[in-house]
Amino acid sequence: MHRLALATLAALAAALAVVSLSAAAHQQTGATHRYPHRIVSLSPTVTEDLFAIGAGKQVVAVDQDSNYPRRAPRTSLSGFTPNTEAIAKYHPDLVLISYNPGNFASQLRKLGIKVVNEPAANDLGQAYREILRLGSLTGHNRGATAVVHSMRTHLAAIVQSVPGSRRHLRVYHELDPTYFSATSTTFIGSIYKLFGFRDIADGAGSTGGGYPQLSAEYIIAQNPQIIVLADTKCCQQSQATVAARPGWNTITAVQRQRVIGVDDDVASRWGPRIVQFARAVARIASKG
């Protein structure tokens, strides 16, 4: 009887162990799928954010304009002229967008695909909130919090590095050689506001949704003390090309060599690399 009881207890213990292992395996599988693991990003900024917070391994495809970081799985997908069928072929459980032309997001949702829109940020506060939201969506709250903290800390230090006497300079931000610019109501304009700079595009009226087209005559008359060229990659603009423009040699920024070229992509996105942009602006503001 004693041996039979021991055998029964041993069998019961083994059965319980199997049940426990099965439950643990089930919980582990559930944890794996608690957050999306097949993410498609159709926004270059969102792509940068995802990899910065540690969610890169969950990304299976990004759009053709998502060129950073290099390890991002770049495809021919477009965020501007999206193809629902092409997106669905990646079997995503989450699609992240910044634009929704033709309300294509509703077509994806009809297919049972979750879509979240992270629109272009108007200021740093919105950019920070979007990064934190991506952390919550992907299970990387800690990484997102760390990224936002790093951005805040670095930007504060960069602004402080500029002498107080250089905090009220006039700035001209160039998007292309036809003089499209950005006002202080835009995200890039909010970065200049951190330094206390006066954006000359603000005086051009409210046309262009914050991105007015200026004229050479207007820019020369406004006499900016800093010129930031966000058309170095697209249009090969530089301090030399600006100085060669008729009449531009009278502008203070040109005379004091406070003309700086920046990476077009960094200047047009509202992700973590905006710290690099701010650092370049601080250097040129402190010059001469």
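Bear in mind that the values in this text are calculations on the coordinates, not laboratory data. Since this is a predicted model, take the numbers as computed values, not measurements. In this analysis, Cβ positions are derived from the backbone assuming ideal geometry, glycine residues included, and neighbour counts consider all displayed protein chains.
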Backbone N within segment 87-112 under 14 Å of label point (7 Å from residue 120 Cα along the Cβ vector): 98-101
Calculated P(r) tail over 11 Å for segment 149-188, as whole % of Cα pairs: 73 percent
On Cα atoms only, tilt of 141-160 relative to the major axis of the chain in degrees: 20 degrees
For the chain, built as a Gaussian network whose Cα springs stay under 10 Å, the top-fluctuating residue of 195, 51, 104: 104
Mean ellipticity per residue at 222 nm, deg cm²/dmol - from DSSP H runs of n ≥ 4 across the chain, formula -39500 (n - 2.57): -14000 deg cm²/dmol
Dipole moment magnitude, nearest 20 debye, the chain about Cα centre, only Lys, Arg, Asp, Glu C-beta charged: 860 debye
Taking 49, 264, 63 and counting other C-beta atoms within 10 Å, the order from fewest to most: 264, 63, 49
Distribution of pairwise C-alpha distances over segment 39-119, 10 Å bins, in %: 20, 60, 19, 0
Ranked packing of 175-181, 163-169, most packed first, by mean Cβ within 10 Å: 175-181, 163-169
Backbone N within segment 159-196 under 18 Å of label point (7 Å from residue 287 Cα along the Cβ vector): 159, 161-163, 166-175, 192
Distance histogram in 5 Å bins (all Cα pairs of the chain, percent per bin): 1, 5, 10, 13, 14, 12, 10, 9, 6, 5, 3, 2, 2, 2, 1, 1, 1, 1, 1, 0, 0, 0
Pair residue 141, residue 70: separation of 7 Å Cα→Cβ label points (nm): 3.6 nm
Nearest 10 degrees, 0 to 90: helix 124-138 Cα axis against the chain principal axis: 20 degrees
Dipole-positive endmost among 215, 196, 230 within segment 176-288 (Cβ charges, Cα centre): 196
Relative contact order for segment 161-285, counting Cα pairs under 8 Å that sit 6 or more residues apart, in percent: 26 percent
Fluctuation leader among 150, 98, 41 - the chain, Gaussian network, Cα springs under 10 angstrom: 150
Among 239-245, 42-48, 196-202, the order from most to least packed when residues are scored by Cβ within 10 Å on average: 42-48, 196-202, 239-245
Tilt relative to the chain, helix 274-285 - C-alpha long axis, 0 to 90 degrees, to 10: 20 degrees
Antiparallel content of DSSP bridges confined to the chain, in %, to 5: 5 percent
Residue exposure sequence - 219, 260 - by fewest surrounding Cβ within 10 Å: 260, 219
